[in-house]
Amino acid sequence: MPSREALAADLLDWAGRCAAAGWLRATSGSFSAVTARDPLRLLITRSGADKTRLTAADLLEVDAQGRAVSTGTPSAETALHVAVVRRLGAGAVGHTHSIWSTILSDRCAADGGVELGGCEMLKALTGVTTHEQRVWLNVFENSQDWDRDAPMAVDRLGHDGPPHGFLIRAHGLYAWGADVATARRHLDVLEFLLETAARRMAYSG
Ligand SMILES: [Zn+2]
């Protein structure tokens with residue numbers, strides 16, 4: 001397990017990269033990494049932090065119930081991070097509010113998800129070995145009470161496997177991985193696949 005300082009530096013760098021891509025407007029989004037398993041501790045971005053100017057002071061630690069164990073107020077969606085870590089065994093979780101994920105999650109909500117694939121970039125998802133494979137990205141309805149709804153939503157995924165993420169309707173994308181580097185790669189490629197799928201729909205009418 002990397003040190004708390006190393007994980008903090010990785011989270012700040014990851015959030016900064018996503019902010020630069022335009023996926024974290026107006027203090028949106030959240031990032032976390034597991035710092036200890038027993039008892040469970042997550043380092044997570046604080047609520048309302050501007051991700052373009054994030055510093056170590058914008059990170060705090062929470063426990064297995066999502067309660068702060070260091071000074072600060074954790075992200076309003078901490079329960080989703082905790083559910084992904086506890087139920088799927090992830091080591092790091094990222095959440096973006098990109099334009100394409102907002103559009104596509106709303107458009108595909110009636111189908112319960114969106115099929116992605118048919119391109120080489122799909123292989124950046126752990127467990128995918130061919131560009132011919134297709135993966136299903138679930139869309140969950142949005143909620144203003146994730147403490148109540150997060151466990152049910154994550155349980156619907158069953159177990160971890162490609163695509164290592166899900167969408168929330170007209171809201172954004174969650175993605176995770178065994179460590180920060182893997183979660184970062186999964187989030188990056190899912191954003192790529194979402195933009196590709198949405199643009200394909202737009203061009204095909
Ligand atoms: Zn959000």
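Just so you know, all these numbers are worked out from the coordinates, no wet-lab data involved. Not measured: the values here are computed from a predicted model. Cβ placement follows ideal geometry from the backbone for every residue including glycine, while neighbour counts extend to all protein chains displayed.
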Sort out which residues of the range 22-33 are buried (at least 23 other Cβ atoms within 10 Å of the Cβ) and either away from the ligand (no atom under 16 Å from the Cβ) or outside any loop (DSSP other than H, G, I, E, B) (or both), and write them in order of number. SER30, PHE31, SER32, ALA33
Looking for whichever is under 19 Å from LEU80 (Cα atoms), among the hydrophobic types (A, V, I, L, M, F, W, C) and away from the ligand (no atom under 16 Å from the Cβ) here; the options are VAL135, VAL180. Which one fits? VAL180
For the range 150-187, give me each residue that is in contact (Cβ under 8 Å) with a residue 12 or more places away in the chain, surrounded by fewer than 20 Cβ atoms within 10 Å (Cβ to Cβ) and assigned to a helix (DSSP H, G or I). PRO151, ASP155, ALA181, THR182, ARG185
Can you find, within the range 50-74, the residue that is farthest from PHE192 (Cα to Cα) among those that are within 16 Å of the ligand (Cβ to nearest atom) and buried (at least 24 other Cβ atoms within 10 Å of the Cβ)? PRO74
Quick test of your reading of the structure: ALA90 fulfils all but one of (1) within 15 Å of the ligand (Cβ to nearest atom); (2) of a type in the set (A, V, I, L, M); (3) in a loop (DSSP other than H, G, I, E, B). Name the failing condition by number. (1)
Consider the range 10-21. How many of its residues are over 17 Å from GLY177 (Cβ atoms), among the small types (Gly, Ala, Ser) and in a helix (DSSP H, G or I)? 3
So is THR130 assigned to a loop (DSSP other than H, G, I, E, B), among the β-branched types (Val, Ile, Thr) and either within 16 Å of the ligand (Cβ to nearest atom) or under 30 Å from GLY66 (Cα atoms) (or both) or not? no
Of the residues ALA109, ALA83, which is of a type outside the set (Asp, Glu), out of contact with any Asp or Glu (no Cβ under 6 Å at 6 or more places or on another chain), touching a residue at least 24 places away in the same chain (Cβ under 8 Å) and over 13 Å from ALA170 (Cβ atoms)? ALA83
